Amino acid sequence: MAHHTLKNSYSSLSDRLNRFPQGAPPSDLLFKILSILFTEKEAELVSTLPIKPFTLEKASRIWKMDLNSTQKVLDSLADKAILVDVERNGASVYTLPPPMAGFFEFSLMRYTKDIDQKTLSELFYQYLNVEEDFVRELFTLGETQLGRTFVNEPALSADDALMILDYERASEVIQTASHMGVGICYCRHKMHHMDKACDAPLDICMTFNGSAESLIKHGFARSVDKSEGMDLLQQAYQENLVQFGENVRERVNFICNCCGCCCEALIAQRKYSALNPIHTTNYLPVVDSDLCTGCMKCVKVCPVVAMTMISASDSKKTERNVAELNEDVCLGCGLCVRVCQHGAVKLKQREKRVITPMNSAHRVVLMAIDRGILQNLIFDNQVLMSHRALAALFGVIFKLPPVKQALASRQLKSRYLETLLRRVQV
């Protein structure tokens, strides 16, 4: 009976989460996780919130509560990092982030006794690493994924360092962010409670811009300046950590410094590499077999097992082995280049460039189209959209390739959108 009560209490919240491209498949484990993070009343209220950012006044109308009572609830939810709140023109704008990258991570980004983090970590581990439906759906559905890899900048040759685009540099994200915060690595913190963590640093995962603004305000991340941010990036390079960040060109919200043993994204890359769960960099390592000594440093450092050893087919040294790259698995991070002391591994630019969405709105629309749920963004039945919001979403759709536009039109089944798309193409 308790199982059915728990499920019924949080099923509406689960439905709300799954209207967004980055959802969470319903299961008993999910309901247990939600019951730790949300009270039943909070789950009921949050389940009615719109997908798009909203104001105090909008929440008050949806909840049919006075402004003071609504403000107290919103403040409480933001204090738990369930909502992200940012200041815009002197007023707070709120967003319910997805589970990942979102409030799942935020719950373990600091040490706290407000929730049972050990129990929560055990539930996360079962839900993400054992049950696997969540991770598979998050990282493998569609062509557009949540995250991308940043190239290890010290591994670039002088020529490539001149050619690399700004948005491909983690250093550029740090230098241009309006806010920057650093918190505890969710993945390694979770694995610590499972007695499976490595010795990579914990206090090194980065948030930027609006997300950092909110997380710093509520104590989930500490504010750092650009100088300390660059020092942390250098530390990540020295620790052979991979930079995995939001798959956008402008106003990146997060960059995690990931190890291959704990990081959910890198584990997903190893399990589902054929489905391209992470967008790669625009670079690939090339092995010079004449210079390779078979020391295996590149094999040991690769977080996704893209490097292996094969026979060098050397008639004079029959036992000699050399490194070989599996391009289909490789992220192009460049760690192998940095650890090679013989100059046998270098980066080259990929023949076909990886397409990165312009911003978060562009990425979310593409993910929604890929997953067949664009209508959830356009026709959010919890609240009427403003003309500005509608115009912004349509503006993204108008800039998509014709194939994506056709998919969008088909999902919306809208003659109005079809007419607009024809006019834009004329």
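The values are calculated or read from the model by the stated rules, or taken from the named source; none is laboratory data. These numbers were taken from a predicted model, which means no experiment stands behind them. Cβ sites come from the backbone with ideal geometry, for glycine too, and all protein chains shown count toward neighbours.
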>> What pairs come out if I take residues in region 285-313 that are among the polar types (S, T, N, Q) and pair them with residues that are surrounded by fewer than 14 Cβ atoms within 10 Å (Cβ to Cβ) whose C-beta lies under 6 Å away, six or more apart or interchain?
In response: T293/H342
> Restricting attention to region 94-137, and to residues there that are of a type in the set (S, T, N, Q) and part of a helix (DSSP H, G or I), which single residue is nearest to N247 (Cα to Cα)?
Replying inline: N129
>> With the requirement that a residue be surrounded by fewer than 21 Cβ atoms within 10 Å (Cβ to Cβ) and either of a type outside the set (A, V, I, L, M, F, W, C) or in the same structural domain as G147 (by TED's automatic domain parsing) (or both), what does region 287-310 give you?
In response: D288, S289, D290, T293, G294, K297, K300, T308
> Residues K80, K41: which one is at pLDDT 90 or above, buried (at least 18 other Cβ atoms within 10 Å of the Cβ) and charged (D, E, K, R)?
Replying inline: K80
> Got at least one residue in region 69-77 being under 22 Å from the mean Cα position of the chain (by Cα) and modelled with pLDDT of 95 or more?
Replying inline: yes
>> Among the residues of region 84-114, what is the count of those that are without any contact (Cβ under 8 Å) to a residue 40 or more places away in the chain and hydrophobic (A, V, I, L, M, F, W, C)?
In response: 1
>> Based on this model, can you work out whether T70 counts as free of Cβ contacts under 8 Å to residues at least 40 places away in the same chain and either touching a helix residue (DSSP H, G or I) at 6+ places or on another chain (Cβ under 8 Å) or small (G, A, S) (or both)?
In response: yes
> Would region 200-223 turn up any residue that is within 18 Å of A81 (Cβ to Cβ), part of a strand (DSSP E or B) and among the polar types (S, T, N, Q)?
Replying inline: yes
>> For region 183-193, give me each residue that is crowded, with 20+ Cβ neighbours inside 10 Å and assigned to a helix (DSSP H, G or I).
In response: Y186, C187, R188, H189, K190, M191
> Taking only pairs six or more apart or across chains, which ones have beta-carbon atoms under 9 Å, a first residue in region 158-173 that is over 14 Å from M206 (Cβ atoms), and a second residue that is among the acidic types (D, E) and assigned to a loop (DSSP other than H, G, I, E, B)?
Replying inline: Y167/E250
> Hey, does region 21-29 have a residue that's assigned to a helix (DSSP H, G or I) and within 20 Å of F134 (Cα to Cα)?
Replying inline: yes
> For region 273-281, does any single residue satisfy the condition of being small (G, A, S), touching a Leu at 6+ places or on another chain (Cβ under 8 Å) and under 22 Å from Q145 (Cα atoms)?
Replying inline: no
>> Consider region 194-238. How many of its residues are small (G, A, S) and surrounded by fewer than 19 Cβ atoms within 10 Å (Cβ to Cβ)?
In response: 4
> Only one of S178, S211, S223 is over 20 Å from R110 (Cα atoms) and of a type in the set (S, T, Y); which?
Replying inline: S178
>> Go through (1) within 20 Å of the chain's Cα centre (by Cα); (2) of a type in the set (A, V, I, L, M); (3) within 28 Å of I82 (Cβ to Cβ) for V151 and report which single condition fails.
In response: (3)
>> Of everything in region 239-270, what is touching a Phe, Trp or Tyr at 6+ places or on another chain (Cβ under 9 Å), surrounded by fewer than 21 Cβ atoms within 10 Å (Cβ to Cβ) and not in a loop (DSSP other than H, G, I, E, B)? Give them in sequence order.
In response: none
> Just for helices (runs of 4 or more DSSP H) wholly inside region 328-416: which have at least 3 residues that are modelled with pLDDT of 85 or more?
Replying inline: 335-339, 360-370
